[in-house]
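A.B. asks: Shown below is the structure under consideration.
The values are calculated or read from the model by the stated rules, or taken from the named source; none is laboratory data. Please read all numbers here as calculations on a predicted model, not as lab measurements. We place every Cβ from the backbone using ideal geometry, glycine too, and count neighbours over all the protein chains shown. Note: accessible area is taken over every heavy atom of the protein model, side chains too, but ligands, DNA and RNA are not part of it. Shrake-Rupley method; radii C 1.70, N 1.55, O 1.52, S 1.80 Å.
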Amino acid sequence: MVRLVQQSQQLLAQYLKPGDLAIDATVGNGHDTCFLAEAVGEAGRVYGFDIQQQALDAAWQRLDQAALAARVALYHAGHETMVQQLPSELRGQVRVVMFNLGYLPGGDKGRTTHLSTTLAALGQALELLAPGGLLSVMAYTGHPGGREEAEAVKAWANNLPRPPWYATLQVPPGNPHAPEWLLVMRETGSL
Ligand SMILES: C[S@@+](CC[C@H](N)C(=O)[O-])C[C@H]1O[C@@H](n2cnc3c(N)ncnc32)[C@H](O)[C@@H]1O
């Protein structure tokens, strides 16, 4: 069985092209950052955010080993500051923004993403997305606060104006603690 995280990467891999710009809003151990850096190719660029130095160190090591570090910029900062941190010319230019919520695997399980900063960051991600761009949010529901965060993310997506935003949700049946995957696409040629 292919896990939902792998499914998200498989879909986004078909979607990203060489030269694209992408954001990993929750770098963690760098698996998604590496995936994005591979997918955008040498001409592309990936910007990543995490609040934990431990995560950024692990991600840099992974990127270095894969010879992908040159196409990545990592910020030791909360994703809720991404618009402020990133060059202003990125607004409306980013093809994919990925969020993988929750805690750092192998790290402090108490340091999770939080509903209020997550919602602030999601709003900023929309400002950065290019026409036809995709926002991908993997929400985990099994840890304290995870279910509330996932429900808040879904409510946020449900309130987005259509057009230009089109949201879909994938929830594996039969397991109330499974991760839930939200995708929001910006209409092509809108705004
Ligand atoms: C589930 S992990 C991410 C996994 C990662 N995408 C990977 O491929 O390894 C969630 C990460 O979000 C980070 N995080 C928590 N709050 C954050 C915030 N406000 N801004 C950015 N990252 C945050 C945590 O430190 C943790 O490393």
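A.B. asks: Which of the numbered conditions does residue 41 fail, given that it passes all the others? Conditions: (1) modelled with pLDDT of 95 or more; (2) within 12 Å of the ligand (Cβ to nearest atom).
C.D. replies: (2)
A.B. asks: Determine which single condition residue 17 fails, assuming it passes every other condition in (1) open to solvent by 20 Å² or more (accessible area, probe 1.4 Å); (2) modelled with pLDDT of 95 or more; (3) over 16 Å from residue 134 (Cβ atoms).
C.D. replies: Only one criterion in (1) open to solvent by 20 Å² or more (accessible area, probe 1.4 Å); (2) modelled with pLDDT of 95 or more; (3) over 16 Å from residue 134 (Cβ atoms) is unmet by residue 17, namely (3).
A.B. asks: Filter the stretch 103-133 for residues that are among the small types (Gly, Ala, Ser), crowded, with 19+ Cβ neighbours inside 10 Å and without any contact (Cβ under 8 Å) to a residue 60 or more places away in the chain and give the result.
C.D. replies: Residue satisfying the conditions is 133 alone.
Yes/no per residue for (1) within 12 Å of the ligand (Cβ to nearest atom); (2) assigned to a strand (DSSP E or B):
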{"site": "5", "(1), (2)": "yes, no"}
{"site": "10", "(1), (2)": "no, no"}
{"site": "34", "(1), (2)": "yes, no"}
{"site": "56", "(1), (2)": "yes, no"}
{"site": "80", "(1), (2)": "yes, no"}
{"site": "95", "(1), (2)": "no, yes"}
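A.B. asks: Any chance you could count how many residues in the stretch 160-175 are open to solvent by 70 Å² or more (accessible area, probe 1.4 Å), closer than 14 Å to residue 4 by Cα and touching a residue at least 24 places away in the same chain (Cβ under 8 Å)?
C.D. replies: 1
Matching residues to (1) on the phi < 0 side of the Ramachandran plot; (2) aromatic (Phe, Trp, Tyr); (3) out of contact with any Cys (no Cβ under 7 Å at 6 or more places or on another chain):
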position	(1), (2), (3)
41	no, no, yes
55	yes, no, yes
59	yes, no, yes
62	yes, no, no
72	yes, no, yes
80	yes, no, yes
